[in-house]
Each structure stands twice: as C-alpha cells, then as structure tokens.
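A.B. asks: Below: one structure in structure tokens.
The values are calculated or read from the model by the stated rules, or taken from the named source; none is laboratory data. What you see is a predicted model; the values in this text were computed from it and never measured. Ideal geometry is used to build each Cβ from the backbone, glycine not excepted, and the neighbour counts take in all protein chains shown. Heavy atoms of the whole protein, side chains included, go into the accessibility calculation; ligands, DNA and RNA do not. Shrake-Rupley method; radii C 1.70, N 1.55, O 1.52, S 1.80 Å.
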Amino acid sequence: MIKVIMHGCNGKMGQVITGLVQEEEGMEIVAGIDVWDGITNPYPVFTNIHDCNVAADVIIDFASAKAVDSLLDYSVDRNIPVVLCTTGMSEAQLDYIKECSEKVAILKSANMSVGINTLMKVLQSISGVLKDAGFDIEIIEKHHRLKVDAPSGTALALADAINESVGNTYTYQYDRSKIREPRADNEIGIQALRGGTIVGEHDIVFAGTDEVIQMSHTAYSKAIFGKGAIQAAKFLKGKPAGYYGMEDVIS
C-alpha cells in the first residue's frame with residue numbers, strides 16, 4: 001500500500017486526486033495539508049504542514065508557489081519523496097528544489113499529463129530537422145480566465161523541450177504588439193489566451209515556406225493531471241534522492 005500525503009488537498013486538483021485515489025488499488029491518502037479546512041475529507045487535514053506527523057511514502061503537491069519552501073523543508077526533514085506539481089515558482093525556488101533533490105527524491109513537472117510529456121519527446125525528435133529547414137515556431141496556449149501565470153508552465157516546458165534539443169539556440173518572444181519588425185530567425189513566439197473554463201490547450205506551430213505543421217494537445221478535464229500525478233507517485237516511492245521528471249515515468 002502506497003501511503004500519500006496530499007499537499008493542497010482542498011484545492012480543485014487536490015479534490016480530483018482524492019477522488020481518483022479512492023478508486024485506486026494499492027494507494028491511500030493518509031493525510032492532507034491545506035490552509036483552508038472547510039471541506040470534509042476521509043483523512044485528517046492539517047493547516048500547517050509541520051504539524052503533520054502521519055507516516056507516508058510520498059507527497060503529492062498541487063498547492064501554490066508560496067507554499068513550496070515549507071513543503072521542501074518538510075520533505076527533507078521527514079525524508080519523504082515529493083511529486084511537485086506547482087507552477088509559477090521563482091528562480092530562487094527552482095534553485096532550492098535542485099538543492100533539496102540532493103537529499104530527497106523530487107519529481108517536478110510543469111504538466112503531469114502523460115500526453116503532454118509524450119508530445120515533448122516527439123518535439124525533441126523533430127525540432128532539429130525543422131530548424132535546419134528554416135521553420136519558424138509559435139506556441140499558443142489557452143486556459144481558463146482564473147489562471148494567474150502567463151504563459152503557462154506547460155507552454156514554457158514545451159518551448160524548453162524544443163530549445164534544449166537544438167542546443168538552446170532560441171530566445172523566447174512573449175508579445176509582438178510593441179514590435180514593428182519582422183520576427184528573428186532564432187526565436188520561439190509564445191502567446192497566452194485566457195477565458196471561460198478552458199482546462200488547457202496547447203498548439204505548437206512549425207511554419208515553413210509554403211507548408212505548416214501543427215501539433216496540438218487539449219485537456220478536457222483536470223483528471224488527466226491527477227492520473228499523471230498518481231503514476232508519478234507510484235514511480236517515486238522508494239526512489240533514492242535525485243531530481244526526476246515525467247519523462248522518467250513514461251520511459
């Protein structure tokens with residue numbers, strides 16, 4: 001039995017994962033962490049993570065960036081691996097994650113979807129060929145009107161997957177409205193749309209001379225992210241200290 005602490009248990013994703021784990025054989029949420037305790041859960045909920053003394057094999061995090069530092073401190077102190085799904089973190093926090101991964105297993109992903117992470121592998125395999133052929137690259141992401149960070153962590157991760165596959169030769173252009181000149185050769189344009197209840201859409205456009213290749217991923221519900229987090233938790237249980245990603249899970 002894999003025992004899980006759900007960090008951010010009363011948020012939308014925390015509740016999605018709570019429901020999914022109840023149907024998952026061999027896994028149980030034994031405690032939750034959330035600053036708001038206005039929801040009744042089938043496990044104890046702590047408003048302060050450091051008050052949680054429940055034994056667990058792994059932590060699944062879907063909270064907020066401001067809670068990450070305390071989560072990492074707790075993870076290292078209790079030697080509990082963590083599946084880190086929060087986005088919008090500062091450079092200092094990203095450095096701290098790397099530092100903590102030397103002491104405990106941490107799996108970080110901007111998007112827990114198996115489909116998105118498979119798409120990243122495909123992009124890495126084709127981007128070099130299309131770059132050499134002179135294709136321009138644009139990424140358009142769409143999310144619900146309440147999403148705070150823009151562009152999304154997933155859009156940046158897709159851009160990074162492309163960029164790393166060609167030796168990090170691209171720069172990122174986030175807004176063309178104030179630029180009155182042709183696009184540069186070595187840039188990836190990233191545009192964000194916000195509205196309604198869109199769960200998540202990402203389009204990658206390779207525009208060449210007289211031809212266009214477009215790859216898309218659409219999330220129809222938050223359940224895909226929860227299922228990916230559950231897969232990641234199963235993978236991470238018992239892993240030695242280190243920095244892992246969803247590419248390790250799907251491979």
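A.B. asks: Looking for whichever is of a type in the set (Val, Ile, Thr), touching a helix residue (DSSP H, G or I) at 6+ places or on another chain (Cβ under 6 Å), in contact (Cβ under 8 Å) with a residue 60 or more places away in the chain and surrounded by 15 or more Cβ atoms within 10 Å (Cβ to Cβ) here; the options are Val249, Val205. Which one fits?
C.D. replies: Of Val249, Val205, the one residue that is of a type in the set (Val, Ile, Thr), touching a helix residue (DSSP H, G or I) at 6+ places or on another chain (Cβ under 6 Å), in contact (Cβ under 8 Å) with a residue 60 or more places away in the chain and surrounded by 15 or more Cβ atoms within 10 Å (Cβ to Cβ) is Val249.
A.B. asks: Right, something else. Within segment 69-89, is even one residue assigned to a helix (DSSP H, G or I), under 14 Å from the mean Cα position of the chain (by Cα) and buried (at least 17 other Cβ atoms within 10 Å of the Cβ)?
C.D. replies: No, segment 69-89 contains no residue that is assigned to a helix (DSSP H, G or I), under 14 Å from the mean Cα position of the chain (by Cα) and buried (at least 17 other Cβ atoms within 10 Å of the Cβ).
A.B. asks: A follow-up question, please. If I go through segment 173-185 residue by residue, how many of them are open to solvent by 50 Å² or more (accessible area, probe 1.4 Å) and either among the aromatic types (Phe, Trp, Tyr) or modelled with pLDDT of 95 or more (or both)?
C.D. replies: Residues in segment 173-185 being open to solvent by 50 Å² or more (accessible area, probe 1.4 Å) and either among the aromatic types (Phe, Trp, Tyr) or modelled with pLDDT of 95 or more (or both): 1 in total.
A.B. asks: Right, here's the next one. Within segment 35-44, does at least one residue satisfy the condition of being surrounded by 19 or more Cβ atoms within 10 Å (Cβ to Cβ) and of a type in the set (Val, Ile, Thr)?
C.D. replies: Scanning segment 35-44, I find no residue that is surrounded by 19 or more Cβ atoms within 10 Å (Cβ to Cβ) and of a type in the set (Val, Ile, Thr), so the answer is no.
A.B. asks: Moving on to the next point. Taking the condition of being under 20 Å from Pro81 (Cα atoms), touching a Ser or Thr at 6+ places or on another chain (Cβ under 8 Å) and assigned to a loop (DSSP other than H, G, I, E, B), how many residues in segment 1-42 meet it?
C.D. replies: 3
A.B. asks: Now for a different question. Going through segment 43-58 one residue at a time, which ones are assigned to a loop (DSSP other than H, G, I, E, B) and of a type in the set (A, V, I, L, M, F, W, C)?
C.D. replies: To start, the set of residues in segment 43-58 that are assigned to a loop (DSSP other than H, G, I, E, B) comprises 43-44, 47-48, 52-57.
Answer for segment 43-58, where residues must be assigned to a loop (DSSP other than H, G, I, E, B) and of a type in the set (A, V, I, L, M, F, W, C): Cys52, Val54, Ala55, Ala56.
A.B. asks: Just to be sure I understand the filter: pairs with C-beta atoms under 6 Å, separated by 6 or more residues or on different chains, first member in segment 42-64 and β-branched (Val, Ile, Thr), second member open to solvent by 40 Å² or more (accessible area, probe 1.4 Å) and assigned to a loop (DSSP other than H, G, I, E, B). Which pairs pass?
C.D. replies: Pairs found: Val45/Asp37; Thr47/Val35; Thr47/Asp37; Val58/Lys237.
A.B. asks: Right, next: Which residue pairs have Cβ atoms under 8 Å apart, sit 6 or more places apart or on different chains, and have a first residue in segment 108-121 that is within 13 Å of Ile60 (Cα to Cα) and a second that is open to solvent by 10 Å² or more (accessible area, probe 1.4 Å) and among the aliphatic types (A, V, I, L, M)?
C.D. replies: Every condition considered, the pairs that remain are Ser109/Ala157; Met112/Ile224.
A.B. asks: Please work out which one of (1) modelled with pLDDT of 95 or more; (2) of a type outside the set (Ser, Thr, Tyr); (3) more than 21 Å from Thr218 (Cβ to Cβ) is the condition His144 fails and give its number.
C.D. replies: With respect to (1) modelled with pLDDT of 95 or more; (2) of a type outside the set (Ser, Thr, Tyr); (3) more than 21 Å from Thr218 (Cβ to Cβ), His144 is out only on (3).
A.B. asks: Could you grab me the full set of residues in segment 203-226 that are closer than 13 Å to Ile116 by Cα and in a helix (DSSP H, G or I)?
C.D. replies: Result: Ile224, Phe225.
A.B. asks: Return yes or no: is Tyr170 of a type outside the set (D, E, K, R) and surrounded by 17 or more Cβ atoms within 10 Å (Cβ to Cβ)? Quick ask: steps written out before the conclusion?
C.D. replies: Values: of a type outside the set (D, E, K, R): yes; surrounded by 17 or more Cβ atoms within 10 Å (Cβ to Cβ): yes.
The answer is yes for Tyr170.
A.B. asks: For the condition open to solvent by 10 Å² or more (accessible area, probe 1.4 Å), more than 24 Å from Gly167 (Cα to Cα) and assigned to a helix (DSSP H, G or I), what is the one hit in Lys66, Lys103? Walk me through how you get there before you give the answer.
C.D. replies: Working: Lys103 fails: assigned to a helix (DSSP H, G or I).
Just one listed residue meets the conditions, Lys66.
A.B. asks: Somewhere in segment 4-17, is a residue among the small types (Gly, Ala, Ser), more than 16 Å from Ala241 (Cα to Cα) and surrounded by fewer than 22 Cβ atoms within 10 Å (Cβ to Cβ)?
C.D. replies: Taking every residue of segment 4-17 in turn, at least one turns out to be among the small types (Gly, Ala, Ser), more than 16 Å from Ala241 (Cα to Cα) and surrounded by fewer than 22 Cβ atoms within 10 Å (Cβ to Cβ).
A.B. asks: If you scan segment 107-126, which residues turn out to be charged (D, E, K, R) and more than 17 Å from Thr87 (Cβ to Cβ)? Outline the logic, then answer.
C.D. replies: Going residue by residue through segment 107-126, those that are charged (D, E, K, R) are 108, 121.
Listed by number, the list holds a single entry, Lys121.
A.B. asks: In segment 129-159, which residue that is under 26 Å from Lys12 (Cβ atoms) and among the charged types (D, E, K, R) is most open to solvent (accessible area, probe 1.4 Å)?
C.D. replies: Arg145
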